[in-house]
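The values are calculated or read from the model by the stated rules, or taken from the named source; none is laboratory data. Just so it is clear, the model here is predicted, and its values are computed rather than measured. Here the Cβ is made from the backbone with ideal geometry for all residues, glycine too, and neighbour counts use every protein chain on show.
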């Protein structure tokens, strides 16, 4: 049978190792998300540079102001569509990264909770008589902390969903406004 100090020491060591593993997982996930954003930005910049060059050549070749305005107006909708697609892609990257971070954190919290409960159960077997109330209070505190985390996690997921919906709505409205402006310019 292990003494309380040995049990506590083993639990502390396991918890520390689990925290390091979680930190490694979170860091790897965050860097992967940043890498995706960088790739998206490089791709968008390259495409924009190529398209701007082509449009500039067309504008330089315009024979009169009407043709110049027509070429400019023709670029409005495709540019708005590309901006909206960029926003959706960026939101997708953010959402995916957030999902991965949440999974890693949830797994760690579940494992930590399981280990703490196992430690409390083991310690309670060797606890002196009359300590049942203290152990029950400790279990209640852990249960309340877990419930608080669940509520926080639920709220964070709702906030991310609301952000995604708002970004998609803004992108759609931007595209519609640009399309209306392009049609008005053609008239």
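Every residue, every condition in (1) assigned to a helix (DSSP H, G or I); (2) under 19 Å from the mean Cα position of the chain (by Cα); (3) over 30 Å from residue 113 (Cβ atoms), yes or no:
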site	(1), (2), (3)
15	yes, no, no
19	yes, no, no
25	yes, yes, no
30	yes, yes, no
86	yes, yes, yes
(request) Would you be able to tell me the number of residues in region 116-152 that are in a helix (DSSP H, G or I) and in contact (Cβ under 8 Å) with a residue 24 or more places away in the chain? (result) 8
(request) Consider residue 70 carefully, then state whether it is closer than 29 Å to residue 180 by Cβ and either modelled with pLDDT under 90 or over 20 Å from the mean Cα position of the chain (by Cα) (or both). (result) yes
(message) I'd like to know if region 54-69 contains one or more residues that are in contact (Cβ under 8 Å) with a residue 40 or more places away in the chain and under 30 Å from residue 107 (Cα atoms).
(response) no
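Going by the structure shown, is residue 170 assigned to a helix (DSSP H, G or I), surrounded by 10 or more Cβ atoms within 10 Å (Cβ to Cβ) and modelled with pLDDT of 80 or more? Can you show your working first?
Working: assigned to a helix (DSSP H, G or I): yes; surrounded by 10 or more Cβ atoms within 10 Å (Cβ to Cβ): yes; modelled with pLDDT of 80 or more: no.
Against the criterion (assigned to a helix (DSSP H, G or I), surrounded by 10 or more Cβ atoms within 10 Å (Cβ to Cβ) and modelled with pLDDT of 80 or more), residue 170 does not qualify.
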(message) Looking at 98, 75, 7 in this structure, which one is within 30 Å of residue 122 (Cα to Cα) and either touching a helix residue (DSSP H, G or I) at 6+ places or on another chain (Cβ under 8 Å) or surrounded by 14 or more Cβ atoms within 10 Å (Cβ to Cβ) (or both)?
(response) 7
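State the number of residues belonging to region 35-67 that are part of a helix (DSSP H, G or I) and either more than 40 Å from the chain's Cα centre (by Cα) or exposed (fewer than 12 other Cβ atoms within 10 Å of the Cβ) (or both). Outline the logic, then answer.
Going residue by residue through region 35-67, those that are part of a helix (DSSP H, G or I) are 35-60, 65-67.
Next, from what is left, pick out any that are either more than 40 Å from the chain's Cα centre (by Cα) or exposed (fewer than 12 other Cβ atoms within 10 Å of the Cβ) (or both): 35, 38-39, 42, 45-46, 49-50, 53-54, 56-60, 65-67.
Adding up the residues that qualify gives 18.
Please tell me if residue 29 is under 30 Å from residue 74 (Cα atoms) and surrounded by 12 or more Cβ atoms within 10 Å (Cβ to Cβ). Walk me through it before giving the result.
Values: under 30 Å from residue 74 (Cα atoms): no; surrounded by 12 or more Cβ atoms within 10 Å (Cβ to Cβ): yes.
Considered against the rule, which asks whether it is under 30 Å from residue 74 (Cα atoms) and surrounded by 12 or more Cβ atoms within 10 Å (Cβ to Cβ), residue 29 comes out as no.
Would you check if residue 113 is surrounded by 15 or more Cβ atoms within 10 Å (Cβ to Cβ) and free of Cβ contacts under 8 Å to residues at least 24 places away in the same chain? Walk me through how you get there before you give the answer.
Values: surrounded by 15 or more Cβ atoms within 10 Å (Cβ to Cβ): yes; free of Cβ contacts under 8 Å to residues at least 24 places away in the same chain: no.
The answer is no for residue 113.
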(message) Would you confirm, using the coordinates I've provided, whether residue 93 is in contact (Cβ under 8 Å) with a residue 40 or more places away in the chain, within 30 Å of residue 173 (Cβ to Cβ) and either assigned to a helix (DSSP H, G or I) or under 18 Å from the mean Cα position of the chain (by Cα) (or both)?
(response) yes
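So which of 159, 136 is within 18 Å of the chain's Cα centre (by Cα), exposed (fewer than 15 other Cβ atoms within 10 Å of the Cβ) and at pLDDT 80 or above?
Working: 136 fails: within 18 Å of the chain's Cα centre (by Cα).
The match here is 159.
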